């Protein structure tokens, strides 16, 4: 199920649900994925509540607590994804694609997390999978790929520092 609490130009709940289904299948993820597209304020609140970080973020993934979780129509639930429409619009403008494409990039990133990938610990496995799937799904440059292509100088300007081989917010 997709809920667009904050509208995104040229993106409907139906089209995002169809994309999520294709992405879920491509990632080998079984079960329903519920997606909420909302404001940065809502993502900040969720990030504070569940990760202890009092800042907005672009996407959060919440794996289902138990494999017995059931969604509508009795289907197994893989998890939930929350996306900031505000940050998606900013990223889209920065990288030269539509806000709808950015929401799909963030959806793919969230689906990979629900499938068990963790780019902070997997030595590039998630990045490689994300690149492969974004090409397969016809998306612009993927989230992890953008970060890896960024130079230390551009990331420093954006307030990020390199820690343990990955770039993190200061």
Could you pull out the residue among 36, 29 that is within 15 Å of residue 2 (Cβ to Cβ) and in contact with a strand residue (DSSP E or B) (Cβ under 7 Å, 6 or more places away or on another chain)? 36
Tell me, yes or no, whether the stretch 14-23 has at least one residue that is at pLDDT below 95 and farther than 21 Å from residue 132 by Cα. no
For the stretch 64-76, check the following and say yes or no: at least one residue is closer than 23 Å to residue 145 by Cβ and crowded, with 18+ Cβ neighbours inside 10 Å. no
If residue 49 meets every condition in (1) in contact with a strand residue (DSSP E or B) (Cβ under 6 Å, 6 or more places away or on another chain); (2) more than 25 Å from residue 94 (Cα to Cα) apart from one, which number is that one? (1)
Note: among 81, 87, just one is under 12 Å from the mean Cα position of the chain (by Cα), in a helix (DSSP H, G or I) and in contact (Cβ under 8 Å) with a residue 40 or more places away in the chain, namely 87
With the structure loaded, tell me whether residue 103 is over 17 Å from residue 133 (Cα atoms), surrounded by 17 or more Cβ atoms within 10 Å (Cβ to Cβ) and in contact with a strand residue (DSSP E or B) (Cβ under 8 Å, 6 or more places away or on another chain) or whether it fails that test. no
Those helices (runs of 4 or more DSSP H) lying entirely in the stretch 97-153 with at least 3 residues under 26 Å from residue 14 (Cβ atoms) and modelled with pLDDT of 90 or more: 99-114, 125-136
Could you pull out the residue among 41, 65 that is free of Cβ contacts under 8 Å to residues at least 24 places away in the same chain, outside any helix (DSSP H, G or I), out of contact with any helix residue (DSSP H, G or I) (no Cβ under 8 Å at 6 or more places or on another chain) and farther than 25 Å from residue 140 by Cβ? 65
For the stretch 16-38, what are the residues that are surrounded by fewer than 19 Cβ atoms within 10 Å (Cβ to Cβ), touching a residue at least 40 places away in the same chain (Cβ under 8 Å) and part of a helix (DSSP H, G or I)? 22, 26
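The values are calculated or read from the model by the stated rules, or taken from the named source; none is laboratory data. This one's a predicted model, so the numbers in the text were calculated from it and none came from an experiment. Positions of Cβ are backbone-derived with ideal geometry, glycine not excepted, and every protein chain shown enters the neighbour counts.
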